[in-house]
Amino acid sequence: MLNKGGAEVFRTCTRDFSDSTIQKIKDLQQIYINTSNSKNSIDFRKDYKKGYFDENSGAFRILEKDIFSEHDEIVKGFLEEIKGSVLDIGCGESYYPGLLSEKAKKKEIYYEGIDTDKEAIKKAKQKLPFLNVSCTSFEDFKTNKKYDWILILRSLNHIKDTQNLMEKCLILLKNEGMVIVCENAPFGVLQPQLKKEDGAEKENRQHFHNFFSDDFVKIAKELPFSVEFIKKVGKNTSNQWIVLLKKQNEKDIANKPKA
């Protein structure tokens with residue numbers, strides 16, 4: 001990585017990803033460098049810079065550009081349009097609390113959020129006083145309600161059985177209900193030289209998948225969902241992808257001729 005007039009060499013030993021996934025990360029240039037001097041930092045917008053491959057030098061350089069704003073504006077655009085009943089799966093991080101709270105206060109939405117992290121739920125209740133949040137897993141979540149919207153905002157990779165997740169979403173959605181999914185694709189992080197006392201961030205959520213958008217869409221297309229929008233990860237984007245799904249009308253599915 002060329003940086004500040006010099007060059008830094010990073011080496012990692014990992015088996016978190018397969019060789020093919022590591023190669024895809026490199027091909028998509030999803031490499032980030034931590035500029036905070038602390039491995040505990042999780043604020044990507046503030047402390048991490050994206051690397052891009054400079055063909056002239058044959059090395060990565062730091063991209064001095066906020067690549068996360070574009071992603072956020074797309075998600076906010078969808079959230080500004082939602083109305084009716086909303087189920088937020090993995091709500092504890094509260095990525096867009098102000099927007100959702102405002103819509104709930106105006107009674108534009110009836111919001112329910114679930115998360116398995118007790119501390120995250122506690123913080124969410126402080127951030128989201130107008131919203132209904134509870135501590136439970138999606139697998140254990142039971143209700144007779146039907147929802148207009150389901151939000152899965154950076155929680156997909158923490159749910160073990162994706163097929164079961166999407167089948168249950170079908171049950172919970174009204175006809176032509178919508179699902180917004182955004183998630184992080186696999187990416188590489190270059191860490192600075194750490195002090196001995198500086199340990200890794202503690203992870204409270206188990207991580208089961210490292211999906212690219214195509215991996216998820218393949219599962220969704222096996223079910224009666226239509227893909228209304230997709231933003232893939234590319235060389236000039238952040239590591240975050242977005243998919244908007246629509247549940248097909250049950251009458252249309254019943255009348256559809258069999259192949």
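Just so it is clear, none of the values below were taken in a lab; they were calculated from the coordinates. Note that the structure is a prediction, hence the values are computed from the model and not measured. Note: ideal-geometry Cβ built from the backbone for every residue, glycine included; neighbour counts use all protein chains shown.
Pull up all non-local amide H partners of Tyr32: gap of 5 or more, or a different chain, and H-to-H distance under 5 Å with H placed in the peptide plane.
Correct list: Gly51, Gly188, Val189, Leu190.
Assuming R0 = 45 Å, can you tell me the calculated FRET efficiency for the pair Gln248 and Ala7, based on Cβ-Cβ distance, to the nearest 0.05?
Efficiency at R0 = 45 Å is approximately 0.25.
Taking 8 Å as the Cα distance limit and 6 or more residues as the minimum spacing, I'd like the relative contact order of the chain as a percentage.
So the answer I get is 20 percent.
For Lys76 and Ser226, what does the FRET efficiency come to when R0 = 25 Å and r is the distance between their Cβ atoms, rounded to the nearest 0.05?
After rounding to 0.05, the efficiency reads 0.65.
Any idea how far apart Lys118 and Thr143 come out in nm if each label point goes 7 Å out from Cα toward Cβ?
Distance between the two pseudo-spin positions: 2.3 nm.
Could you list, in their original order, any pairs among Lys122/Lys232; Lys103/Lys142; Lys24/Lys127; Lys145/Lys232; Lys49/Lys107; Lys103/Lys168 whose Cα atoms are separated by more than 29 Å?
Over 29 Å Cα-Cα: Lys122/Lys232; Lys24/Lys127; Lys145/Lys232; Lys49/Lys107.
So, in nm, how far is label Lys65 from label Glu167 when the simple model puts each one 7 Å beyond its Cα toward the Cβ?
My value for the distance between the label points is 4.3 nm.
Based on the mean of other beta carbon atoms within 10 Å per residue, what is the order of 172-181, 69-78, most packed first?
Output ranking for 172-181, 69-78: 172-181, 69-78.
Once you have a ≥ b ≥ c as the square roots of the Cα gyration tensor eigenvalues for the stretch 88-138, tell me rounded if a/c is under 1.5, and otherwise prolate or oblate according to whether a/b is larger than b/c.
Prolate, because a/c is 1.5 or more and a/b exceeds b/c.
Using amide H atoms built in the peptide plane, which far-off residues or other-chain residues are under 5 Å from Phe229 H to H?
Leu244
Report the extension gain between Gln126 and Arg154 in nm, rounded to one decimal, defined as 0.36 nm multiplied by the number of residues separating them, less their alpha carbon distance.
Additional length available on full extension: 8.0 nm.
Taking Kirkwood radius over Cα pairs in Å as the quantity of interest, determine which of (i) 18.0; (ii) 20.1; (iii) 19.0 was computed from the displayed structure.
(ii)
Once you have a ≥ b ≥ c as the square roots of the Cα gyration tensor eigenvalues for the stretch 1-136, tell me rounded if a/c is under 1.5, and otherwise prolate or oblate according to whether a/b is larger than b/c.
prolate
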